[in-house]
1. Rg/Rh for region 78-237: what does it come to with C-alpha atoms and Rh from Kirkwood?
2. Under Stokes-Einstein, with the Kirkwood radius over Cα pairs standing in for Rh, what whole-number D in µm²/s applies to region 245-326 at 20 °C and 1.002 mPa s?
3. Tell me, what HN-Hα J-couplings in whole Hz come from the Karplus equation 6.51 cos²θ - 1.76 cosθ + 1.60 at θ = phi - 60° for each residue of region 73-86, using x for Gly and Pro?
4. Any idea what the relative contact order of region 154-307 is, in percent, if you count C-alpha pairs under 8 Å spaced at least 6 apart?
5. Return the Rg/Rh value of the chain, two decimal places, where both radii are evaluated on C-alpha atoms and Rh is the Kirkwood radius.
6. Rounded to whole Hz and in sequence order, give me ³J(HN,Hα) for region 148-158 from the Karplus expression 6.51 cos²θ - 1.76 cosθ + 1.60, θ = phi - 60°, writing x for Gly and Pro.
7. Just the number, please: carbon plus sulfur as a percent of the accessible area of the chain, 1.4 Å probe, no ligands or DNA/RNA counted.
8. Tell me, what is the FRET efficiency for GLU154 and LEU318 to the nearest 0.05, using R0 = 35 angstrom and their Cβ-Cβ distance as r?
Amino acid sequence: MERRIAERRRPARVPGTVALCALVLAAAACAPGRDFGAEDDQRAFEQRLERLEREAQRGDVEALLELAGRHREGVGVPLDVARAVRLYAEAADLGSADAQFALGLLYENGDGVPASPRRAAEMYALAARQGDVRAQTNLGLMYATGSGIEADGELARTYLGAAAELGHPEGQFAFGTLLVEGHGGPADVAAGMAQVAAAAEQGLAPAQRALAIACAKGLGVPADRALAREWLGRAADQGDAAAELLLANALLESEDAAEHARAAALLESAAEKGLTEAMFNLAVLYVRGRGVPKDVDRARAWLERAAGLGHEASADRLERLASDPG
C-alpha cells in the first residue's frame, strides 16, 4: 500500500541543544494515503468507483480505505471529510491499523471531527498495538509532551522505543531525544545520540541538524566541527530553515567571499520560510554589503518584515537604520 507523509506544520526554530521541544518539530504525523494516479478514462474510472462502493458496502477494508482517502482529499470524488471519517471508522472497526491511525490523526488535528486528544490517543493505541510505527511515534509524542493527555514519560519511552526499534526515523529521533534529556527515565546521552544518528542517516533533516549541533559541541559524540558542517549541509539541502541559518552563520566565520555569498543565499532561503533571525542576519549583510551588494532598501524591507513578526532586534535595528543608513 502506498503511503504519503503529512507533517505537522510548525514555525521553524533554532535549537541550542537537542531539547525535548524538538520532538514536536521533528516528529511526523504520517497520514495514510494513496497515489490514485491519472484517471485517463472517465468511464473506466466511474466503473472503478462503482466497484469500490460495492466492495466497501461488503466491508472490504482496502475499498473503504481508498474511498476514505479520496473523499478526504477530494480526488476524483467530492471533498467530503465527514464521509471519509465514517469510512475510516468502518475500516477501523474491522481492525485496519491504517484506518485507526488515520482517525487518530483526524481527531488530533480536529480535521472533519471535533478535536479530541483522548479519542486520538485511543485510535493511535489500537494501531500501535498492531505495530504501526506512525501511531507509536505520535502516541509517544503525546505522552512525552502532555499534548491533550496526561504526560507520562515512561509510556512515551515505551511507544517511541518500539517505533525506534522498528527503524522509524521520526521514532528514532524522538526516542533519542528522550534518552539525551533523561525524560521518563535515566539519561543516556551516548545511546540517545546513536538513535539521533540513525535517524539522520535515514535522511530526517531535523535529526541531521540535531546531530550537527551535537558534533559541534561534543554532546554524546566526539567534537568534530567539519562533520557538524557536513550534517548541517545535508539538512539545509532538504530546505530545513534552522539548518540553513546555522550553516550560514558558520560560513560567515570565514574570510572567504564565496562562502559569504553562499551564506547570504542560505539566509534568504531561511528568511523566505519565515525565520525572523535569518531575516535579521540577511538585513545586516545588505547593510554591510557582505556576500551581497550593499542595499539599504532591501535591508530595511527584511527588518520591517521581521519586526512585524515580533523580532525585537529587528525593530531596534530599524530605528538605528533610520538615523544612520550607513
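The values are calculated or read from the model by the stated rules, or taken from the named source; none is laboratory data. For clarity, every value in this text was computed on a predicted model and none was experimentally measured. When we count neighbours, we look across all protein chains shown, and the Cβ atoms used for this are built from the backbone with ideal geometry, even at glycine. When the accessible area is computed, the model is the full protein with side chains, heavy atoms only, and any ligands, DNA or RNA have been set aside. Shrake-Rupley method; radii C 1.70, N 1.55, O 1.52, S 1.80 Å.
1. Values: Rg = 17.5 Å, Rh = 16.5 Å.
Here the Rg-to-Rh quotient is 1.06.
2. On the way: Rh = 12.3 Å.
D, rounded to a whole number, is 174 µm²/s.
3. Each residue of region 73-86 in turn: 9, x, 9, x, 9, x, 5, 8, 5, 4, 5, 4, 4, 4 Hz.
4. Computed over region 154-307, the figure is 11 percent.
5. Details: Rg = 23.3 Å, Rh = 21.9 Å.
Ratio value, two decimals: 1.07.
6. So the J values, rounded to whole Hz, are x, 9, 5, 5, 8, x, 5, 5, 4, 4, 4.
7. Values: 7270 of 15030 Å².
That fraction is 48 percent.
8. The calculated FRET efficiency here is 0.10.
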